[in-house]
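Written out below as structure tokens is the structure these notes cover.
The values are calculated or read from the model by the stated rules, or taken from the named source; none is laboratory data. Computed from a predicted model, the values in this text were never measured in an experiment. Methodologically, a virtual Cβ is constructed for each residue, glycine included, from the backbone with ideal geometry; neighbour enumeration extends over all protein chains shown. With ligands, DNA and RNA removed, areas are computed over all heavy atoms of the protein, side chains included. Shrake-Rupley method; radii C 1.70, N 1.55, O 1.52, S 1.80 Å.
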Amino acid sequence: MAETIEAWPGRPYPLGATYDGAGTNFSVFSEVAERVELCLVADDGTERRIVLDEVDAHCWHAYLPGVGPGQCYGYRVQGPWDPAQGLRCNPNKLLLDPYAKAVTGEVDWNPACFGYVMGDEDARNDLDSAPHVPKGVVHNPYFDWGADRPPATPLHESVIYETHVKGFTVQHPEIPEALRGTYAGIGHPVAVDYLANLGVTAVELMPVHQFVHDAHLVERGLRNYWGYNSIGFFAPHNGYASGGRGEQVQEFKAMVRALHEAGIEVILDVVYNHTAEGNHLGPVLSFKGIDNHAYYRLVPDDPLHYYDTTGTGNSFNVRHPRSLQLIMDSLRYWVTEMHVDGFRFDLAATLARQFHEVDRLSAFFDLIEQDPVVSQVKLIAEPWDVGDGGYQVGNFPPVWSEWNGKFRDTVRDFWRGEPATVPELASRLTGSSDLYQSDSRRPVASINFVTAHDGFTLADLVSYNEKHNEANGEGNRDGEGFNRSWNCGAEGPTDEAAVQDLRRCQQRNLLATLLLSQGVPMVLGGDEIGRTQQGNNNAYCQDNDISWYDWDRVDEPLLAFTQALIAVRKAHPAFRRRRWFQGRPIRGTVDIGWYRPDGQEMDDADWESGFARSVALFLNGEAIPGRDERGRTISDDWFFVALNAHDEPIDWTLPAHGVRRWEVLLDTAEAASGPTANPAGARRGAAGARRSPTRRVVHAGKTRRVLPRSCVVLTAVDLDAGR
């Protein structure tokens, strides 16, 4: 029975639960509802129900004086229940506020969570779901940001580090045990110092929106580790909080503040393309019971079923103004209130499907570009989904950057020795102008990566030819079967020294190619320390040692090499240009040139040679267009980069261009343990080093040997004064 409580009319906006210091305003949208009850839930599960009599523009609202932070709540919506017509209202289901800023509890998968009776999909299930589902929590919005300012790192100067909130710190011995695997763990000085010393400028956190652990995983003793199953687009996931109920908001803000103090941005991987409620057989947790038509794409001639381009059972309805409003309100909230610096949009092509096809002129893109807040942060698209025409690399609007899957595939193919990769590799090394230049975008449109959370880690990429996903309990049928990987001669762990040496060198090759290419590099967290998933290329459900960082087994030489590479990129604008190469003389010398081993520039026949597995490029650092933020002309050194994916060494004749001598900056054939003083590559003589040339300075016109499957970068140290 409902209990009487004082309720004032309140306001329809903002949606959600808004605490003002004296009470809380509640507002929820539903066009289909006939009656809405706000349920205040006590710790023992008892409810005080308040009928929301005030309705404006389909927003049901009330203000409750005296109700404040820590109060749990949900909604019960009475309205039509006719699944065949896409109507799924059921007042016996306690529904999570779509605008909840904090959430407590999780789904326990009791039959009461579902809208139908098990075994009879046509029968309405009137079991009360309240004890079995998460609830919203009124949170305290006040936080002392101090002097926090966004680092605002320009994209061309960015180095992104993709990581997982829990996996990054859950086993770190220097972080207090109570903070490991939490927002506070990432904000701890040990974690912040590690990231700062590595040299990255941004962390891209895998999903932190409140998400659900799938029933089929829970039944097998697994978890939705990655988190691509959102149910709350405003709430930081409660499983990553070290504090009590509702405190995850404050803890998340403290993490952002700590990272910002170190000059590190925070980018969120966001999943607006679908929710955790699944298809017509999924649970009723929030959107489905509030207004199914508004929030989900339904099959036009069969609204019982969901239109699905995500492979998860449903697709969010970006054609409805209230769904679009929710996405935009969420994005603005994370920028203005949580101070994040950008977003990576999972399966972003789905958000562009205003009708059926992916449309770059869709309302979603229009809203993003017109929004004065969201349009000014970093916007990164995963430019594909699983629907027809879903692969959209290169087709997003100019304000966007994109995960460049073609960079990943080409670089992997080149270093594993596939033929006919050189022409495309040249495009990828120089920013992928073939994909992005035609619509006025610049090299920063390309987010370059070789590995990401989805697939092999770097160590596994060079250690396995086949996926090994048995731990997922799906008979190794899940995960991508074609990985463009090469195990270097043995599958998995091996004691063969030659294979181990080659794997180490291949990791350095892949990292060097990534971090010295034009565009924006994204490093998969843990690759720099040799993290392995034991050949699992789909560890989405492995919340355990398979996915977590092993801080007791850090590949120190690889870590030092990665730090040195990032330092080289930061020190030299030639590797992070803002604009495209012109391929013509600028300030007396070409800005870029491509060379054969004999020192001659490549011609059409060389580009068309299908058997070539090596290439070299000359970069003129004095020919960088534009100026820095203070209006000064940008100038840098000259570089010569030679990549050899052959099984044989190549003696490369170094070009002149007014250069008398070249000095080796780095050589991936050397087992790196850190930068030298200038910084120039890596210290020789470390354990496991391959035999490599010892010459650090080479005269122009002379040769420098590039060992099999290795990369050498040289810089000009003696220019001809008369050039």
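The figures follow:
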quantity: Within-13-Å neighbourhood charge of Ala196 [Cβ basis; K, R +1; D, E -1]; calculated: -2
quantity: Restricting the stretch 450-540 to trypsin sites (Lys or Arg not before Pro) in coil, as DSSP defines it, with at most 14 other Cβ within 10 Å; calculated: Arg477
quantity: Formal net charge of residues neighbouring Asp341 (Cβ-Cβ distance under 15 Å; K, R +1; D, E -1); calculated: -2
quantity: Accessible surface of His699 - all protein chains present, 1.4 Å probe, nearest 10 Å²; calculated: 110 Å²
quantity: Exposure rank, largest accessible area first [Asp144, Asp97; 1.4 Å]; calculated: Asp144, Asp97
quantity: Calculated volume of the Cα convex hull per residue in Å³ (choose from (1) 160; (2) 217; (3) 204), label; calculated: (1)
quantity: Under DSSP loop assignment and at most 11 Cβ neighbours within 10 Å, longest chymotrypsin sites (Phe, Trp or Tyr not before Pro)-free interval of the chain; calculated: 143-354
quantity: For the chain, calculated [θ]222 nm from helices alone, where every DSSP H run of n ≥ 4 adds -39500 (n - 2.57); calculated: -5500 deg cm²/dmol
quantity: Environment charge of Ala420, counting only residues whose C-beta is closer than 15 Å and scoring Lys/Arg +1, Asp/Glu -1; calculated: -1
quantity: Degrees, to the nearest 10: 405-415 long Cα axis against longest axis of the chain; calculated: 40 degrees
quantity: Shape category assigned to the stretch 1-66 from the gyration tensor of Cα positions, a/c cut at 1.5; calculated: oblate
quantity: Loop sites in the stretch 273-355: trypsin sites (Lys or Arg not before Pro), DSSP, at most 16 other Cβ within 10 Å; calculated: Arg319
quantity: Two-site FRET efficiency, Val299 against Tyr391, from Cβ-Cβ distance with R₀ of 30 Å, rounded to 0.05; calculated: 0.85
quantity: Cα-based helix-to-principal-axis angle, 321-336 vs the chain, degrees rounded to 10; calculated: 60 degrees
quantity: Cleavage-rule hits, GluC sites (Glu not before Pro), the stretch 260-345, DSSP coil, Cβ neighbours within 10 Å at most 11; calculated: none
